[in-house]
Amino acid sequence: MTKNATLTLADIHKLAADILLAHGFSEHQASSIADTVTAAERDGCTSHGLFRVGFYIAALKNPVANATAEPVLMQGDSSVVRVDAMHGFCPRALQVGLPALVDKARSHGTASLAINNTYNIAALWPEVEMLAEQGLVAFAFTSSNAYVAPAGGTKPVYGTNPMAFAFPRKNSPPLVFDQASSASARGEIQLHLREGKSIPDGWAIDDQGVPTNDPEAALAGAQLAFGGYKGAALALMVELLAGALIGDNFSVESSQHDTHGVGAPLGGELLLAIDPEHFGSGNYLERAEFLFEQILAQPGTRLPSQRRYDTRRQSLEHGVEVAGVMLDELERLKVKG
Ligand code: NDP
């Protein structure tokens, strides 16, 4: 087995992009996916880094998945922007839609971006962080495949349904949180399986509805929402926002499209952006800092996103250590077929 190796961010980007190009992805699709994979590795979000390259390739087994799709932007006079991703991957659809969302938020105060017909295999923090870097408050929601049981149930209905939020800061990178509504992201269970580790209590039940610590049984059974019925209600909200509201798949419908079981959700993403200047409070940045100071005055606290920013600083200086097992898998992926 190959040893762990330290790669630069440029190495990681090239590695991901070259593999995707070899599998028929267009330049735009490959480079936008490589951007998100590299950002995830940079920030220590391993389950959305190079680990995901194989998922993008496997998604092409679905007959409608389009590795060369060019998303179509639609906007009128209202505050809503739409992007039809044309069954391509979400990073490229975001590149096409986000600038229009920023413009709409600045002119209308509040604006939304609905991305439809997209395969979404990524974390949501890059898009909300980018919006907050431009001074906007941002939210993002997407459903996935049916992996999570409803409160009291034993069979999957909801996706792991992440939601992300970002708030601009004065002299620091934005405050961001990005979390699944399940007790864990599915990728975390897959990584535990790969590494031969058991999963913590409360993450999943097996296919008989019995709580399990076995990652394989968890993947065959159902994941659990975080915080019981409260997390399940958030998963339900995400289904309604990223499914019913914007006219796209629920997680149960996305699962039906995932005919090869590759774990590539097909559906929509909803983003909301608010320009704080329209509220005219004048001191929202200072008020936010006051709150952060109250939190951080307590030992044991940190702000969400601080771990990512700390890891980012390290990665920019020293590169990223990539596991040998991952490098072996990427080597296999270089061979098409
Ligand atoms: P985590 O539970 O690891 O983290 C959730 C959030 O909590 C992060 O913003 C994290 O900040 C913050 N946080 C963690 N610990 C603390 C702490 N002690 N104090 C303050 N804040 C803290 O994330 P999940 O496992 O729920 O989700 C992982 C990723 O999976 C997300 O990026 C999500 O978008 C993605 N995902 C994507 C799906 C898709 O279909 N596209 C489906 C489901 C999930 P920090 O990052 O700084 O640690």
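Values in this text are rule-based calculations from the coordinates and carry no lab data. Because the structure is a prediction, the values reported are computed rather than measured. Heads up, the Cβs are rebuilt from the backbone with ideal geometry, glycines too, and the neighbour counts pull from every protein chain shown.
The table below lists the values:
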read-out	value
Normalised contact order of segment 240-337, rounded percent, pairs of Cα under 8 Å and 6 or more residues apart	14 percent
Segment Thr311-Gln294, extension gain: residue separation times 0.36 nm, minus the distance between their alpha carbons	3.7 nm
Cα-Cα over 29 Å, subset of Lys3/Lys197; Lys14/Lys170; Lys61/Lys230; Lys3/Lys155; Lys14/Lys61	Lys14/Lys170; Lys61/Lys230; Lys3/Lys155
Rel. contact order, % - alpha carbon contacts under 8 angstrom, at least six apart, segment 88-131	52 percent
For a label point 7 Å along the Cα-to-beta-carbon line of Ser78, residues of segment 108-131 with backbone N under 19 Å	108-117
DSSP beta bridges in the chain [antiparallel fraction, %, rounded to 5]	85 percent
Formal net charge of residues neighbouring Gly319 (Cβ-Cβ distance under 14 Å; K, R +1; D, E -1)	-1
Total formal charge among the other residues, if their Cβ is under 15 angstrom from that of Ala114, Lys/Arg +1 and Asp/Glu -1	-3
Of Gly88, Pro150, Thr2, farthest towards positive along the dipole that unit charges on Lys, Arg, Asp, Glu beta carbons give the chain	Thr2
Cα-centre dipole for the chain with unit charges at Cβ (Lys and Arg positive, Asp and Glu negative), debye to 20	160 debye
Additional length obtainable on full extension of the chain from Ala233 to Lys61, 0.36 nm per residue less Cα span	58.7 nm
222 nm mean residue ellipticity, helices alone, for the chain (DSSP H n ≥ 4; -39,500 (n - 2.57); rounded to 500)	-12000 deg cm²/dmol
